[in-house]
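Notes to accompany the following structure.
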Amino acid sequence: MSELTVVGSIKKILPVESGTAKASGKEWQKQSFIVSNNDGYEGKEQIFCFEVFGEEKVGNLTKFQKEGDSVKVSFNIGTNEWKGKYFTSLSAWRIEKNDQSSSVPAEAVPVEEAGDLPF
């Protein structure tokens with residue numbers, strides 16, 4: 001499968017969820033966050049709800065990211081079945097700052113005119 005990524009800004013970081021696994025008795029934590037961009041049809045806003053799972057990842061989310069940050073999220077899609085119902089999640093495995101200062105806007109790139117060609 002190809003790498004799945006979304007670029008946008010963090011719209012909201014939701015509260016941490018935690019519990020105990022019934023089978024193993026181990027404690028778990030997860031945190032969801034919302035990323036939005038305007039890549040929808042005709043520039044319409046799209047929103048994505050990603051989650052990070054595990055104490056270390058949950059701690060790093062709020063340590064290195066905040067609402068309003070422009071980010072690039074790499075993620076996997078997973079689906080679980082429970083009692084005949086299916087639940088799909090977007091599991092973030094990398095969250096990077098999207099450094100827009102290094103990108104050059106399209107209108108700033110010089111375009112050569114047909115008469116300016118060197119041949």
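Here are a few things to note about the model shown:
- Of all residues in segment 21-49 being more than 24 Å from Gly68 (Cβ to Cβ) and of a type in the set (A, V, I, L, M), the one that is surrounded by the fewest Cβ atoms within 10 Å (Cβ to Cβ): Ala23
- Under the condition of being more than 14 Å from Val7 (Cα to Cα), of a type in the set (D, E, K, R) and in a strand (DSSP E or B), the residues counted in segment 64-81 number 1.
- Test: residue in segment 54-61 that is closer than 20 Å to Ser9 by Cα, at pLDDT below 95 and either touching a strand residue (DSSP E or B) at 6+ places or on another chain (Cβ under 7 Å) or not in a helix (DSSP H, G or I) (or both): yes
- For segment 15-38, the candidate set comprises residues that are within 23 Å of Ile95 (Cα to Cα) and without any contact (Cβ under 8 Å) to a residue 24 or more places away in the chain; within that set, the residue that is nearest to the chain's Cα centre (by Cα) is Ser32.
- Selection within segment 21-43 - part of a loop (DSSP other than H, G, I, E, B), in contact with a strand residue (DSSP E or B) (Cβ under 8 Å, 6 or more places away or on another chain) and not acidic (Asp, Glu): Ala21, Lys26, Asn38, Gly40
- Scanning segment 8-20 for residues that are assigned to a strand (DSSP E or B) and either among the small types (Gly, Ala, Ser) or closer than 14 Å to Gln65 by Cα (or both) gives Gly8, Ser9, Ile10, Lys11, Lys12, Ile13, Ser18, Gly19.
- Listed by first and then second residue, the pairs linking a residue in segment 75-95 that is over 18 Å from Phe33 (Cα atoms) to a residue that is surrounded by 12 or more Cβ atoms within 10 Å (Cβ to Cβ) and hydroxyl-bearing (Ser, Thr, Tyr), with Cβ atoms under 6 Å apart and 6 or more places separating them unless they lie on different chains, form an empty list.
The values are calculated or read from the model by the stated rules, or taken from the named source; none is laboratory data. Keep in mind that what you see is a predicted model, and the values were worked out from it rather than measured. Positions of Cβ are backbone-derived with ideal geometry, glycine not excepted, and every protein chain shown enters the neighbour counts.
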